[in-house]
Amino acid sequence: MMIVMQEGATDEQVRHVVERIEAAGARAHVSRGEFVTVIGAIGDDRELVASMALEGEPGVEKAVPILKPFKLVSRDFQREDRVLEIAGRKIGGGHFGLIAGPCTVETREQTLETARVCKAAGAAFLRGGAYKPRTSPYTFQGLGKPALAILAEAREETGLPIVTECMDIRQLEDVLEVADVIQLGARNMQNFDLLSEVGKTDTPVLLKRGLSNTIEEWLLSAEYIAKEGNDRIILCERGIRTFETATRSTLDISAVPVAKGLTSLPVIVDPSHAAGKRDLILPMARAAVVAGADGLIVEVHPSPEHALCDGPQALHADRFAAWVADVRRCVDLMGKVMAGGEPVAAGVAG
Ligand code: PEP
Ligand code: MN
């Protein structure tokens, strides 16, 4: 249930409503807008409505049930686009966030070189995996903890905040020491214990859509995180499994406007993992931006043919500035601003 307070409701009145919600055995999530405060009461809506006659309480405008299965992340709970501010960079609500970097941290040199290129091209965040979810147990699994130290060094040098994946609760403490954004990968979208644990932190989360999950399931996974108190979540469409084999996954472009209609959280797109092929990434990125995405996450490598993971989909570092310049035109077309990005040199994308 959502309790909308009157404009100008006092802190005391908000506190009183929170106490009533908690006394009814539900959890209260207070969201303070510019003018009105909305309180989400998370529990069984029918029971809550029956047990609490909140309308008529001082400061309460109205109490409305949220009928969607996801509550705190739904647009019913917060109508306006959420703008997340992460390490001084905004994403959502007209602010476009470009996240770029290697699939995997392989060496210090490879990571630092890529980080410099990403920064110069206008990326706002650096991505890079320390822990990698690999289909085969015999392929490179990531450097683990030493990779986190390399990412920290890359941030130190470039100022780019770090996006890196956590695959397991046992990695969380170490990942939290370095990550500005914790990535939860497609294969862990329904690792409910991990979602809840990450929800207890105050580090923003990049939640990728599972390979075979519906948009509703994806938003329910976001709800697991928000329910624990962390509502700084970026959703990421990264392609889904279909019968098509020409691409690694099928980018579900419609997921962007559909998800954005259902939630006010930022929705970004990963064309790299969806396409699996370098040449397809630019057209898919353009499509994503024009479909309304709030950002992109892409893989870049100084020498893709030698990459230990996902080389065929890595953009060439030496052509990345031109790639970004092309995408920036679409961002401009949509009337959005690129967060934290520096001007780029024009050139030919590829
Ligand atoms: C990644 O971003 O490196 C990754 C493994 O992505 P996904 O979880 O979408 O497959
Ligand atoms: Mn990858």
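Taken over region 123-139, the criterion of being within 11 Å of ligand 2 (Cβ to nearest atom) and assigned to a loop (DSSP other than H, G, I, E, B) is satisfied by Gly128, Lys132, Pro133, Arg134.
When we screen Ile42, Ile21 for residues that are touching a helix residue (DSSP H, G or I) at 6+ places or on another chain (Cβ under 7 Å), of a type in the set (Val, Ile, Thr) and modelled with pLDDT under 95, the only hit is Ile42. As a summary of the residue check, Ile297 satisfies the conditions (1) outside any strand (DSSP E or B); (2) in contact (Cβ under 8 Å) with a residue 40 or more places away in the chain; (3) not aromatic (Phe, Trp, Tyr) except for the one numbered (1). Filtering region 241-254 to residues that are within 27 Å of Val198 (Cα to Cα) and open to solvent by 60 Å² or more (accessible area, probe 1.4 Å) leaves only Arg241. Applying a threshold of 6 Å to beta carbon distances and a minimum spacing of six or more residues, or different chains, the list of pairs starting in region 201-216 at a residue that is under 12 Å from Met189 (Cβ atoms) and ending at one that is within 16 Å of ligand 2 (Cβ to nearest atom) and among the acidic types (Asp, Glu) reads Arg209/Glu237. Of all residues in region 271-299, those satisfying the criterion of being more than 16 Å from ligand 2 (Cβ to nearest atom) and within 24 Å of Leu84 (Cα to Cα) are Arg286, Ala287, Ala288, Val289, Val290, Ala291, Gly292, Ala293, Asp294, Gly295. Condition test on Thr135, is it open to solvent by 10 Å² or more (accessible area, probe 1.4 Å), within 12 Å of ligand 1 (Cβ to nearest atom) and of a type in the set (Val, Ile, Thr)? In short, yes. Residues that are among the β-branched types (Val, Ile, Thr) and surrounded by fewer than 20 Cβ atoms within 10 Å (Cβ to Cβ) within region 283-298 comprise just one, Val290. Being of a type in the set (Lys, Arg), closer than 23 Å to Val175 by Cβ and touching a helix residue (DSSP H, G or I) at 6+ places or on another chain (Cβ under 9 Å) is a condition met by no residue of region 72-81.
For region 220-240: of the residues being of a type in the set (A, V, I, L, M, F, W, C) and surrounded by 23 or more Cβ atoms within 10 Å (Cβ to Cβ), which is nearest to Met189 (Cα to Cα)?
Pass one, region 220-240, residues of a type in the set (A, V, I, L, M, F, W, C): 220, 222, 225-226, 233-236, 240.
From what's left, surrounded by 23 or more Cβ atoms within 10 Å (Cβ to Cβ): 222, 225-226, 233-236.
Details: Ala222: 9, Ile225: 11, Ala226: 14, Ile233: 13, Ile234: 13, Leu235: 11, Cys236: 11 Å.
Within region 220-240, the match that is nearest to Met189 (Cα to Cα) is Ala222.
Comparison of Leu315, Leu280 shows that the only residue that is at pLDDT 95 or above and surrounded by fewer than 20 Cβ atoms within 10 Å (Cβ to Cβ) is Leu280.
Which ones in region 119-130 are in contact with a Lys or Arg (Cβ under 9 Å, 6 or more places away or on another chain) and either away from ligand 1 (no atom under 16 Å from the Cβ) or over 24 Å from Asp326 (Cα atoms) (or both)? Matches in region 119-130: Gly122, Ala124, Ala130. Within region 313-332, the residues that satisfy the criterion of being in contact (Cβ under 8 Å) with a residue 12 or more places away in the chain and of a type outside the set (A, V, I, L, M, F, W, C) are Gln313, His316, Asp318, Arg319, Asp326, Arg328. Among all positions in region 243-257, there is at least one residue which is assigned to a loop (DSSP other than H, G, I, E, B) and in contact with a Ser or Thr (Cβ under 7 Å, 6 or more places away or on another chain).
One line per residue, one yes/no per condition, for (1) closer than 18 Å to Ala147 by Cβ; (2) within 16 Å of ligand 2 (Cβ to nearest atom); (3) small (Gly, Ala, Ser):
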| residue | (1), (2), (3) |
| --- | --- |
| Glu165 | yes, yes, no |
| Ile169 | no, no, no |
| Glu173 | yes, no, no |
| Pro204 | no, no, no |
| Asn213 | no, no, no |
| Ser221 | no, no, yes |
| Lys227 | no, no, no |
| Ile234 | no, no, no |
| Arg238 | no, yes, no |
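Looking only at residues that are of a type in the set (Gly, Ala, Ser) and assigned to a helix (DSSP H, G or I) in region 203-242, which one is nearest to the chain's Cα centre (by Cα)?
First, the residues of region 203-242 that are of a type in the set (Gly, Ala, Ser): 210, 212, 221-222, 226, 229, 239.
Next, only the ones that are assigned to a helix (DSSP H, G or I) stay: 221-222, 226.
On the way: Ser221: 12, Ala222: 10, Ala226: 13 Å.
Among them, the one singled out is Ala222.
Condition check: of a type outside the set (Phe, Trp, Tyr), more than 16 Å from ligand 2 (Cβ to nearest atom) and open to solvent by 10 Å² or more (accessible area, probe 1.4 Å). Does Leu265 satisfy that? In short, no. Against the list (1) within 16 Å of ligand 2 (Cβ to nearest atom); (2) open to solvent by less than 10 Å² (accessible area, probe 1.4 Å), the condition Leu98 fails is (1).
Only a single criterion out of (1) within 16 Å of ligand 2 (Cβ to nearest atom); (2) surrounded by fewer than 18 Cβ atoms within 10 Å (Cβ to Cβ) is not satisfied by Asp332, namely (1).
The values are calculated or read from the model by the stated rules, or taken from the named source; none is laboratory data. Note that the structure is a prediction, hence the values are computed from the model and not measured. Neighbour counts are summed over all protein chains in view; Cβ atoms, including those assigned to glycine, are modelled from backbone coordinates with ideal geometry. These accessible areas exclude ligands, DNA and RNA; they are computed on the full protein's heavy atoms, side chains included. Shrake-Rupley method; radii C 1.70, N 1.55, O 1.52, S 1.80 Å.
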